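Have a look at the structure below, then the notes.
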Amino acid sequence: GLIKVSVYGELEVLTKEAEGVKLGFPDGVVVAKNGMVYFTDGSYMYGYHDPMPCFLEGRPHGRLLSYDPLTKQTLVLARDLYFENGVELSPNEDFVIFCESFMMRCSRYYLEGERKGSIDIFIEGLPGFPDNLRYDGEGHYWLAIAWDNSFLTQVTMAYPFVRQIIAFGLKHLQKVPTLMKFVGVMALDLDGKPIGGYFDDTWIITTSGFKIGEHLYLGSLGRPYFLRLNLTQNPLIN
């Protein structure tokens, strides 16, 4: 579910479901200045302990949600998403950007103005499956690409029955092999245009990129540590 953690490590479960459907794979979360929480549910069908069938089936079981801490109400803002992953607010908080890993794209859900409640594409045709997205307060979004759009990926995603067969087989494996490699972290401008990035095929399943000062911190599901990259010494690769 959606959990609030205090500075003292105290845990409080805020919500476990929306519209009568339990959260299966809560993923990205961001909090607005007014306290509203926006978060994602990658799949209501599968959970953290059984992720590979979700990835391989590639079906639209994801949701974008909001949680109001005042009313304790959880709303579904968008549904039928293809593994809804990272989420981030715009600088003015007039829309939220969310990533659909299976579609290799990020979209915008408008929170204010004439387009309130509508969705459009922020960036598509990505070189791999996007994970988390973070704004650095300096005009750039940092988008993590968890794994690349390799030939194996293209073949697997093109044939649903192949994905289902692999998913069924993986249920009987104690250890799931790494099928895809890391592409990198992309820097995007405020309009979603790529301006560069950092790429390394040895950095497996990168999940996030946070810019703090002159450094970029990278997180990964495939490595037991963070990577710190000096941006001054390592300029963006166009």
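Taken together, the values in this text are just the output of simple stated rules run on the coordinates, not laboratory data. Just so you know, these numbers come straight off a predicted model, no measurement behind them. Note: ideal-geometry Cβ built from the backbone for every residue, glycine included; neighbour counts use all protein chains shown.
In terms of surrounding Cβ atoms within a 10 Å radius of their Cβ, S90, S43, S107 rank from fewest to most as S90, S107, S43. Put in order of Cβ neighbour count within 10 Å, fewest first, the listed residues F129, F98, F226 become F226, F129, F98. Eigen-decomposition of the gyration tensor built on the alpha-carbon atoms of segment 182-231 gives equivalent ellipsoid semi-axes of 19, 13, 9 angstrom, largest listed first.
Per-residue Karplus couplings for segment 226-238, computed as 6.51 cos²θ - 1.76 cosθ + 1.60 with θ equal to phi - 60°, are listed in order as 8, 10, 10, 10, 7, 6, 5, 7, 10, x, 4, 8, 7 Hz, Gly and Pro entered as x.
Between E93 and L236, full extension at 0.36 nm per residue minus the direct alpha carbon distance yields a gain of 48.8 nm.
What is the spin-label model distance, in nm, from I212 to Y8 if the labels are put 7 Å beyond Cα along the C-beta direction? Going from the I212 label point to the Y8 one covers 2.4 nm.
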